[in-house]
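J.: Just dropping this structure here.
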Amino acid sequence: MEKASIAQLKNHLSAYLRKVRAGQPLLVCDREVPIARIDRIESSGAEADRLALLAAEGITRPPARPLTAADLESMLPRPLPRAAAILEALREERADDR
(Lines give C-alpha, C1' and ligand atoms only; values in the text may rest on other atoms or scores of the structure.)
Protein backbone atom coordinates (compact mmCIF):
# COMPACT_ATOMS: atom_id res chain seq x y z
CA MET A 1 0.00 0.00 0.00
CA GLU A 2 1.37 3.38 -0.97
CA LYS A 3 1.82 6.03 1.71
CA ALA A 4 1.47 9.80 1.25
CA SER A 5 1.77 12.72 3.60
CA ILE A 6 -0.96 15.32 3.74
CA ALA A 7 1.21 17.79 1.82
CA GLN A 8 2.00 15.22 -0.88
CA LEU A 9 -1.68 14.33 -1.19
CA LYS A 10 -2.65 17.98 -1.43
CA ASN A 11 -0.01 18.73 -4.08
CA HIS A 12 -0.64 15.63 -6.21
CA LEU A 13 -4.28 14.81 -5.51
CA SER A 14 -5.20 14.01 -9.11
CA ALA A 15 -2.32 11.57 -9.52
CA TYR A 16 -3.15 9.78 -6.26
CA LEU A 17 -6.83 9.57 -7.17
CA ARG A 18 -5.92 8.00 -10.51
CA LYS A 19 -3.99 5.30 -8.61
CA VAL A 20 -6.91 4.75 -6.22
CA ARG A 21 -9.31 4.54 -9.16
CA ALA A 22 -7.04 1.86 -10.62
CA GLY A 23 -7.47 -0.17 -7.42
CA GLN A 24 -4.39 0.80 -5.41
CA PRO A 25 -5.31 1.83 -1.84
CA LEU A 26 -3.56 4.85 -0.34
CA LEU A 27 -2.53 5.37 3.27
CA VAL A 28 -2.55 9.04 4.33
CA CYS A 29 -0.09 9.92 7.11
CA ASP A 30 0.37 12.96 9.32
CA ARG A 31 3.98 13.08 10.52
CA GLU A 32 4.40 9.36 9.75
CA VAL A 33 1.26 8.48 11.75
CA PRO A 34 -1.45 6.86 9.60
CA ILE A 35 -4.69 8.83 9.81
CA ALA A 36 -6.77 7.65 6.83
CA ARG A 37 -6.98 5.07 4.10
CA ILE A 38 -8.41 5.87 0.69
CA ASP A 39 -9.88 2.91 -1.21
CA ARG A 40 -11.72 2.67 -4.50
CA ILE A 41 -15.50 2.43 -4.32
CA GLU A 42 -16.81 -0.35 -6.49
CA SER A 43 -19.39 0.90 -8.97
CA SER A 44 -20.93 -2.55 -9.52
CA GLY A 45 -23.51 -2.05 -6.77
CA ALA A 46 -21.30 -3.67 -4.16
CA GLU A 47 -21.73 -0.78 -1.71
CA ALA A 48 -24.12 -2.86 0.40
CA ASP A 49 -21.54 -5.65 0.48
CA ARG A 50 -18.86 -3.16 1.50
CA LEU A 51 -21.06 -1.83 4.30
CA ALA A 52 -21.75 -5.38 5.48
CA LEU A 53 -18.01 -6.09 5.49
CA LEU A 54 -17.27 -2.92 7.45
CA ALA A 55 -19.98 -3.82 9.96
CA ALA A 56 -18.60 -7.35 10.29
CA GLU A 57 -15.14 -5.92 10.97
CA GLY A 58 -16.61 -3.66 13.67
CA ILE A 59 -15.64 -0.48 11.81
CA THR A 60 -19.23 0.70 11.36
CA ARG A 61 -22.54 -0.24 12.85
CA PRO A 62 -26.06 0.04 11.54
CA PRO A 63 -28.34 2.67 13.06
CA ALA A 64 -30.34 1.65 16.11
CA ARG A 65 -33.48 2.94 14.39
CA PRO A 66 -34.22 4.72 11.13
CA LEU A 67 -34.34 8.52 11.11
CA THR A 68 -37.77 10.08 11.05
CA ALA A 69 -38.83 13.46 9.71
CA ALA A 70 -39.08 14.68 13.32
CA ASP A 71 -35.46 13.61 13.95
CA LEU A 72 -34.31 15.57 10.92
CA GLU A 73 -36.33 18.62 11.94
CA SER A 74 -34.78 18.56 15.41
CA MET A 75 -31.32 18.78 13.79
CA LEU A 76 -32.17 21.95 11.87
CA PRO A 77 -31.08 25.28 13.33
CA ARG A 78 -33.80 27.24 15.05
CA PRO A 79 -35.17 30.22 13.13
CA LEU A 80 -33.80 33.62 14.03
CA PRO A 81 -36.09 36.18 15.63
CA ARG A 82 -37.88 38.57 13.31
CA ALA A 83 -35.68 41.28 11.83
CA ALA A 84 -37.87 43.97 13.42
CA ALA A 85 -37.28 42.48 16.89
CA ILE A 86 -33.53 42.46 16.30
CA LEU A 87 -33.56 46.11 15.19
CA GLU A 88 -35.65 47.10 18.21
CA ALA A 89 -33.24 45.31 20.57
CA LEU A 90 -30.30 47.07 18.90
CA ARG A 91 -31.99 50.48 19.28
CA GLU A 92 -32.68 49.79 22.96
CA GLU A 93 -29.10 48.72 23.57
CA ARG A 94 -27.74 51.82 21.88
CA ALA A 95 -30.14 54.05 23.84
CA ASP A 96 -28.98 52.45 27.13
CA ASP A 97 -25.31 53.13 26.30
CA ARG A 98 -25.86 56.90 25.99
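The values are calculated or read from the model by the stated rules, or taken from the named source; none is laboratory data. Computed from a predicted structure; not experimentally measured. Don't worry about glycine lacking a Cβ; one is built from the backbone with ideal geometry, like all the others, and counts go over all protein chains shown.
J.: Give the residues of segment 87-98 that are assigned to a helix (DSSP H, G or I) and modelled with pLDDT under 80, sorted by residue number. Let's see the steps before the verdict.
T.: Looking only at segment 87-98, we keep the residues that are assigned to a helix (DSSP H, G or I), and these are 87-97.
Residue satisfying the conditions is Asp97 alone.
J.: Okay, next question. Among the helices (runs of 4 or more DSSP H) contained in segment 1-79, which hold 1 or more residues that are of a type outside the set (S, T, N, Q), touching a residue at least 24 places away in the same chain (Cβ under 8 Å) and touching a helix residue (DSSP H, G or I) at 6+ places or on another chain (Cβ under 6 Å)? It would help to see each step written out before you state the result.
T.: Details: elements: 6-11, 13-21, 47-56, 69-75.
Correct list: empty, since no element meets the threshold.
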